[in-house]
Amino acid sequence: MNGSRATGKSLYIAVLVKQLDQLMAKMNSTVEFADPRTRENYTDIYEKPLYESRGLMPPTPSAITDSSYQREPLIFSLGILNGARRFLVIRDVAGEDMERPPADTTPLQFLANADAVFFMFDPMAVPEIRAKLQDLIPTQRQLGGDPHTVLGNLMNIIGAATPRLAVILSKFDAMHELRNVEDVDWQSIMSNSGAAFLRDPSLESAEYQQDDGELLHEEVRSLLHKLNAGRLVLSLENPHSGKAIPYRFFAVSALGEAPRGESVHPRGIAPFRCLDPAKWVLSLTGAI
Ligand SMILES: Nc1nc2c(ncn2[C@@H]2O[C@H](COP(=O)(O)OP(=O)(O)OP(=O)(O)O)[C@@H](O)[C@H]2O)c(=O)[nH]1
Ligand SMILES: [Mg+2]
């Protein structure tokens, strides 16, 4: 995982694991904890706050503090898929560490070896969007720093490595709300019933749908430009390091609806397109 503070990384992990279980059921398999530590960490830190207490999670502590739980990877066994035993290893990071990387980046070096890095972009961190939504959804308490800086820090950490990069527009439920604001542009964009970003086919089939993925990629690229994140898009298209990184744009909402204070919406959790980035990597690594 990667991204600024409060972009929705940890909540996404909590929800992704549940969604993966549904995906695996389609493939006649299940998701199991591969070791006791994963069971303990996933249950205590991710699952219970969200699915039992129906609340949110505290910010992930910096990897250089004693309380950091993300130094140990979450390892899930997916069973035998396409003839081989498969494991999915997920590593959370603290947005704090990506905004201001520690002098010794050893705890973050795993990023260079990842099959894919999921880079979260929070639309609620864009002042224009926050202003437009202020009367429609409760304001979010914490806001992260500049995503462009974090992307630069990520590139420094991975050095010469070229892991795939999923650039994910998170909290997409907030983007969906833009169809109700008094702004002709946003209203028409977000009510375009043909748009891939308004439907979620991620659990319709076990395969990654390439056509749907490409369409969504182009749509999210345009949305990022409209969200004043054009520089972020350009720095991926034309990397200053000179090495091209394979990237794809995604849109997800872990919660499906903005939280109310410190609790999830009373209607519950309704994930949107959370599986897409995972299906993309799993298909490229031959697991699905
Ligand atoms: N509307 C909406 N808000 C969300 C969603 N996911 C997360 N949030 C909000 O974003 C806040 C931060 O989410 P986290 O998952 O803890 O963020 P993080 O990226 O892990 O943050 P750090 O651990 O500090 O790096 C939550 O407390 C929610 O208020 C979502 O799907 N929809
Ligand atoms: Mg976190």
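Every number in this text was worked out from the coordinates using simple rules, so none of it is lab data. Keep in mind that this is a model prediction, so the values were computed, not measured. With ideal geometry, Cβ positions are generated from the backbone for all residues, glycine too; neighbour counts draw on all protein chains shown.
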When Rg is the radius of gyration of the Cα atoms in segment 2-284 and Rh is its Kirkwood radius, what does Rg/Rh come to? 0.93
If amide H atoms are modeled at 1.01 Å from N in the peptide plane, then the residues at a separation of 5 or more from residue 251, or on another chain, having amide H under 5 Å from its own are 169
With springs connecting C-alpha atoms under 10 Å apart, model the chain as a Gaussian network and identify which of 160, 206, 84 has the largest mean-square fluctuation. 84
Which longest uninterrupted range of the chain lacks any GluC sites (Glu not before Pro) assigned by DSSP to a loop state (not H, G, I, E or B) and surrounded by at most 13 other Cβ atoms within 10 Å? 1-181
Hey, which of these cross-link pairs are over 28 Å Cα-Cα: 9/279; 9/243; 26/243; 48/226; 132/279; 26/171? 26/243; 48/226; 132/279
Give me 220, 17, 184 ranked fewest to most by other Cβ atoms within 10 Å of their Cβ, as a rough exposure proxy. 184, 17, 220
Among 217, 225, which comes first, then next, by fewest other beta-carbon atoms within 10 Å? 225, 217
Please get the size of the charge dipole for the chain, origin at its Cα centre, with Cβ charges of +1 on Lys and Arg and -1 on Asp and Glu, quoted in debye to the nearest 20. 260 debye
P(r) of segment 1-149 over all Cα-Cα pairs, binned every 5 Å from zero, in whole percent: 2, 8, 16, 19, 20, 15, 10, 7, 3, 1, 0
Summed over the other residues with a beta carbon less than 9 angstrom from that of residue 3, with K and R at +1 and D and E at -1, the charge totals +1
I need the trypsin sites (Lys or Arg not before Pro) found in segment 71-125, filtered to DSSP loop residues with at most 15 other beta carbons within 10 Å of theirs. 71
What do you get for Rg/Rh over segment 144-227 if you use C-alpha atoms and the Kirkwood form of Rh? 1.03
Segment 247-288 - Kirkwood radius from inverse mean 1/r over Cα pairs (Å): 11.9 Å
Could you work out the relative contact order of the chain, using alpha carbon pairs under 8 angstrom and six or more residues apart, expressed as a whole percent? 23 percent
